Amino acid sequence: MKRGIWIASLSCFLVGAACITIGLIKGGRLGFRVDLKNHKIITADSKDVIRFNQKVDKFDKIKLDLSVIDVTIEEGDDFRVAYMLEKDLKPEIEVKDGTLYVSGKKSDTFNINFSVGFENLGDDVNTMKITVPKGTKIEKGEFHTSTGDIIMSDVDIYGLNITGSVGDISLKNETINDLFIRVSTGEVELDNIKTVSLDIETSTGDVRLENLDVDSGNVRTSTGEINGSFARKLEDYSLDVSSSIGDISVNGTETEKHYSSKGNNDFSFSTSTGDITLNFSK
């Protein structure tokens, strides 16, 4: 038994050492990818990586369907799409009838990502950035990603629907009328968001809400913590808060399993496994 553990530990050490050595040989990059299917290492300067940075026609709707790509949407100088991707993931980009369509190929490779703590552009591979000019009002956004993060900041959007299998969602400084998020595995983070209707559901992952200004909403996670701070007072909401396994704290009042209050706007929070901590404006 001990011999087996020793051999396994040694094997893990050798694999780790080999990965760090590869990183150093490759110039000490922050990260690199190992494509197990095609037996190759992918870095920012690899011949298998393509770059794109181009202005596009004006749009007021966005529809994304991507895989293995982290997407950032933010304010910029113009309507633009830029990316650095493995060439097999090259997407189709089109603006038609005021809608930006970005559709990517599904990856049929299995990659392992490594980070060795050096400074370079290694983990910018498989990233995309979409910018819109200041003051642009996006009417509707539909974002779907199989594997990848979605980050959006400083863009006003009327309706936003996000679905994902694996990846984190981060929204900051947004005014959104209707916000719908479904993530199987990943964290959801909303920072300084103003919305009328909020609907969030994750299977595995924490939900963090910071300075949220919302009329009504529903936040659910099967396994994960829910932490929220709100711009409005507790008295503004009819709360229904439940956690099967975990503690509940509302404005410092702690309880187990369930908490409720009366107010004008309905808001529910639930998790099967995890703590729920909610703080409202005094």
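General remarks:
- Count of segment 184-195 residues, restricted to those that are over 16 Å from Lys172 (Cα atoms) and open to solvent by 60 Å² or more (accessible area, probe 1.4 Å), is 1.
- Checking Thr175, Thr136, Thr127 one by one, the residue that is within 15 Å of the chain's Cα centre (by Cα), farther than 29 Å from Ser244 by Cβ, among the β-branched types (Val, Ile, Thr) and surrounded by fewer than 23 Cβ atoms within 10 Å (Cβ to Cβ) is Thr127 and no other.
- Residue check, Glu225 at pLDDT below 95, open to solvent by 10 Å² or more (accessible area, probe 1.4 Å) and more than 20 Å from Ser197 (Cα to Cα): no
- Any chance Asp240 is open to solvent by 40 Å² or more (accessible area, probe 1.4 Å), more than 15 Å from Thr204 (Cα to Cα) and of a type outside the set (S, T, N, Q): yes
- Among residues of segment 246-282, those that are open to solvent by 30 Å² or more (accessible area, probe 1.4 Å) and in contact (Cβ under 8 Å) with a residue 40 or more places away in the chain, counted: 11
- Total residues in segment 53-73 satisfying the condition of being touching a residue at least 40 places away in the same chain (Cβ under 8 Å) and in contact with a Lys or Arg (Cβ under 7 Å, 6 or more places away or on another chain): the figure is 5.
- Looking only at residues in segment 139-154 that are at pLDDT 95 or above and surrounded by 19 or more Cβ atoms within 10 Å (Cβ to Cβ), the one that is nearest to Ser103 (Cα to Cα) is Phe143.
- Residue match in segment 221-230 (condition: of a type in the set (D, E, K, R) and more than 21 Å from the chain's Cα centre (by Cα)): no
- Residue match in segment 204-220 (condition: among the small types (Gly, Ala, Ser) and surrounded by 19 or more Cβ atoms within 10 Å (Cβ to Cβ)): yes
The values are calculated or read from the model by the stated rules, or taken from the named source; none is laboratory data. Bear in mind that the values here come from a model prediction, so they are computed numbers and not experimental data. Because the Cβ atoms are built from the backbone with ideal geometry, glycine has one as well, and the counts that use them run over all protein chains shown. Ligands, DNA and RNA are excluded from the accessible area calculation, which covers all protein heavy atoms including side chains. Shrake-Rupley method; radii C 1.70, N 1.55, O 1.52, S 1.80 Å.
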